[in-house]
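The values are calculated or read from the model by the stated rules, or taken from the named source; none is laboratory data. All figures in this text were calculated on a predicted structure; none of them were measured in a lab. All Cβ positions, glycine included, derive from the backbone under ideal geometry; neighbour counts span all protein chains shown. With ligands, DNA and RNA removed, areas are computed over all heavy atoms of the protein, side chains included. Shrake-Rupley method; radii C 1.70, N 1.55, O 1.52, S 1.80 Å.
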Amino acid sequence: MASFARLAGRAVAGAGVLALSPVLGLATLAGMAMVGAEPTTFAVTGLAVFASMFFLGLLLCVPRPRVAWGRWLRAAVVLGAEATVVWHVSVATLRPAPSHTPLAPVAGQREWQLPTGSELAYVRLAPKRVTRPDPVVFLHGGPGVADLAASSAFFGKLTANGYQVYVYDQLGAGRSARLRDPRGYGLTRDVADLEAIRQAIGAKRLNLIAQDYGAQLAAAYLAAHPDRVARAVLSSPAGLSPAGPLSSPDSPAGPSQGSPAETSPSTEPSQGAPDSAPQGREPDGKVEAAAVFGRGGTPDPRLLAVSTLLRVDPQAAHAFAGDRELDAYLDLVRQTAPHPCPAAETGSGGYVGLTGRAAPGSLRLSLTEVTAPVLIVKGQCDEQSWASAMDFRRALPSATLAYLGGGTYRSEAYLGLLRAFLSGRPVPAYKGQGPPPG
């Protein structure tokens, strides 16, 4: 009995050490990155600690036989298992994932060089005669999910009503520039970029059409510049305060120019995100989890390392895995995720998508003072929770909530709703607190 208890104790201790080995490896990797080690150095050091602890765990799990041939067999089994696991983990950690080639420009694409330091790709669409003084600016979601071609083609239809229309990829997404330091991304930077865009196009006020995370950006811009918004449409709005892995998402940002290899983004996102996210946007939770645990639910060592580094030293994460690599991986994750609503193939702004956005605590109070007309739109096929729309409805007491029946956010029904609201015509208001039946 004593012998059995001793063996059971060793097995439990060994299992505990095996479970702790990746944690200690990641902790070592993070610690080495924090003291300024190069990517190869902190990766190899973390792998060495993982291998050592894994070997110790195997030794504890496999009891030492009394006979000589049994000890040799034990050594062969332990060394074989150690070599197999460490080899696969090392290859998966050190070998970069496939990356995409830079995106080709879309028809009519131009670039803004903004005073904020951001370089943003955009498309301007204009009617033969501008009859509406306040241009329309579309704010895509994600953060980091943009489709310059499809969005400009759809919202460009508003030029028939006399509007100038601007569609752009936010910093870190689509065809816009990337930052070397992911801490530069954030809601504050996006608001500053939007104000710089208003000044660049010479508009006194803007009509904002926002979707998903773009609704949070529009709300923050409304709070900061209430006199610069003529009307705002918040479609399928994400929650006002989703969290992200970076502790300071609104850190002051430096120049947006990345290295030549990294400045060009690597995927072509499309509007909307593929995963349903009950309490927030997928980059703040589901996409990060999918990236870390892979498409099949198996932890991906390289993405585990990136996720860990993002929390302690985002610059080290970027040096370890570049924009194109992370974009391509998250693009693949989104394409293979279940789609509760019809969606085009999507792409990602990798680091800007994983940094998340945290709305300042004063935003809700500031929104109560907003007087510009605001329309909140929810659809029958909508990948944000109903609670997110109610969050905006409470924060904006004068806003109107509209329900888009069976139409999508690329349908003629949605376009008709936009045309009516932007022109000041009444739209059917939804008065209920909960979603309609079905």
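Is there a residue in segment 73-84 that is charged (D, E, K, R), closer than 24 Å to L222 by Cβ and touching a Phe, Trp or Tyr at 6+ places or on another chain (Cβ under 6 Å)? No, every residue in segment 73-84 fails to be charged (D, E, K, R), closer than 24 Å to L222 by Cβ and touching a Phe, Trp or Tyr at 6+ places or on another chain (Cβ under 6 Å). Assess whether A13 counts as being open to solvent by 30 Å² or more (accessible area, probe 1.4 Å), over 29 Å from the mean Cα position of the chain (by Cα) and in contact (Cβ under 8 Å) with a residue 24 or more places away in the chain. Criteria met by A13.
Scanning segment 113-126 for residues that are open to solvent by 50 Å² or more (accessible area, probe 1.4 Å) and within 12 Å of V167 (Cβ to Cβ) gives a single hit, R124.
The residues on offer are L29, L47, L24, L20, and the sole one that is closer than 14 Å to V89 by Cβ, open to solvent by 50 Å² or more (accessible area, probe 1.4 Å) and of a type outside the set (S, T, N, Q) is L24.
Name the residues in segment 225-234 that are part of a helix (DSSP H, G or I) and either without any contact (Cβ under 8 Å) to a residue 60 or more places away in the chain or open to solvent by less than 10 Å² (accessible area, probe 1.4 Å) (or both), would you? Result: D227, R228. The helices (runs of 4 or more DSSP H) falling completely within segment 349-438 that include 2 or more residues that are open to solvent by 10 Å² or more (accessible area, probe 1.4 Å) map to 363-367, 386-395, 412-422.
Residue pairs whose Cβ atoms lie under 7 Å apart, sitting 6 or more positions apart in sequence or on different chains, and linking a residue in segment 124-143 that is hydrophobic (A, V, I, L, M, F, W, C) to a partner that is surrounded by fewer than 16 Cβ atoms within 10 Å (Cβ to Cβ), are V130/G162. Every listed requirement among (1) open to solvent by 50 Å² or more (accessible area, probe 1.4 Å); (2) at pLDDT below 95 is met by R110 save one, (2).
When you check F42 against the structure, is it in a helix (DSSP H, G or I), aromatic (F, W, Y) and in contact (Cβ under 8 Å) with a residue 12 or more places away in the chain, yes or no? Yes: the conditions hold for F42. Does P360 satisfy the condition of being more than 30 Å from G322 (Cβ to Cβ), touching a strand residue (DSSP E or B) at 6+ places or on another chain (Cβ under 9 Å) and not aromatic (F, W, Y)? No: the conditions fail for P360.
Scanning segment 201-221 for residues that are open to solvent by 10 Å² or more (accessible area, probe 1.4 Å) and assigned to a strand (DSSP E or B) turns up just one, Q211. Under the condition of being at pLDDT 90 or above and exposed (fewer than 11 other Cβ atoms within 10 Å of the Cβ), the residues counted in segment 81-104 number 1. There is at least one residue in segment 220-238 that is modelled with pLDDT of 95 or more, within 18 Å of A395 (Cα to Cα), of a type in the set (V, I, T) and touching a strand residue (DSSP E or B) at 6+ places or on another chain (Cβ under 9 Å).
Of all the criteria given as (1) at pLDDT below 90; (2) assigned to a helix (DSSP H, G or I), the one not satisfied by G36 is (2). Selection of segment 169-197 for residues being over 12 Å from Y351 (Cα atoms) and either surrounded by fewer than 20 Cβ atoms within 10 Å (Cβ to Cβ) or out of contact with any strand residue (DSSP E or B) (no Cβ under 9 Å at 6 or more places or on another chain) (or both) yields L187, T188, R189, V191, A192, E195, A196.
Where strands (runs of 3 or more DSSP E) fall wholly inside segment 79-154, the ranges with 1 or more residues that are among the charged types (D, E, K, R) are 109-113, 119-125.
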